[in-house]
Every structure is written in C-alpha cells, then in structure tokens.
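In what follows, a structure is listed as structure tokens, so that the remarks can point back to it.
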Amino acid sequence: MMLEPLKHNPTIVKFKETYPTTNVMVVVIAIIAFWRGIWGLFDVVLFPNSPVLSYLSSIAVGALVLYLDGFSLKDLKR
C-alpha cells in the first residue's frame, strides 16, 4: 500500500512512543472526523429535505448495527 512506509516512519513511531496521550487524542479526532463524514453523507443521501428524519434514521441504523453485533455497555469496561 502507498501509505505503508509512512506508517512505519521512524519519526511517527518515536512520536507514538514519546507522546502516547497526544497520539490517543489525534486518533480520537480522526475517529470523530470519520464519523462526522459518514453522518454528513447520511444527511445528504438518506433524507436531504428532512433533517429530523435523517437524524432518526441514523440513530436507528447505529442502534441496529450495535444490536446485531451484540454490543453491550459491559464491552466498554477493560
């Protein structure tokens, strides 16, 4: 893959080891940005003229996926 060398770049590896908390914050921001994009697409594709219906359908899709996966709040515990 094209990005594989970047993933193993010594500078990035050292950053992750030296600043683990900052690395976690970067990853969290990336996850939020990813899901913001998904939800934005839902708003445009599912029901572009009805934000409330789009929000409700997003909630329903998320809940359905979590239910089918067997997700439980206990899964968040270490």
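The values are calculated or read from the model by the stated rules, or taken from the named source; none is laboratory data. Since the structure is predicted, the reported quantities are computational estimates derived from the model, not experimental observations. Neighbour counts run over all protein chains shown; Cβ positions are idealised from the backbone, glycine included. Heavy atoms of the whole protein, side chains included, go into the accessibility calculation; ligands, DNA and RNA do not. Shrake-Rupley method; radii C 1.70, N 1.55, O 1.52, S 1.80 Å.
Would you mind telling me which numbered condition in (1) at pLDDT below 80; (2) outside any helix (DSSP H, G or I); (3) surrounded by 10 or more Cβ atoms within 10 Å (Cβ to Cβ) R78 fails?
For R78, the exception is condition (3).
With the structure loaded, tell me whether F47 is out of contact with any Phe, Trp or Tyr (no Cβ under 7 Å at 6 or more places or on another chain), open to solvent by 70 Å² or more (accessible area, probe 1.4 Å) and at pLDDT below 80 or whether it fails that test.
no
Filter the stretch 1-37 for residues that are open to solvent by 90 Å² or more (accessible area, probe 1.4 Å), outside any helix (DSSP H, G or I) and not aliphatic (A, V, I, L, M) and give the result.
Hits for the stretch 1-37 are H8, Y19.
Would you mention how many residues in the stretch 60-71 are surrounded by fewer than 10 Cβ atoms within 10 Å (Cβ to Cβ) and in a helix (DSSP H, G or I)?
Selection size over the stretch 60-71: 3.
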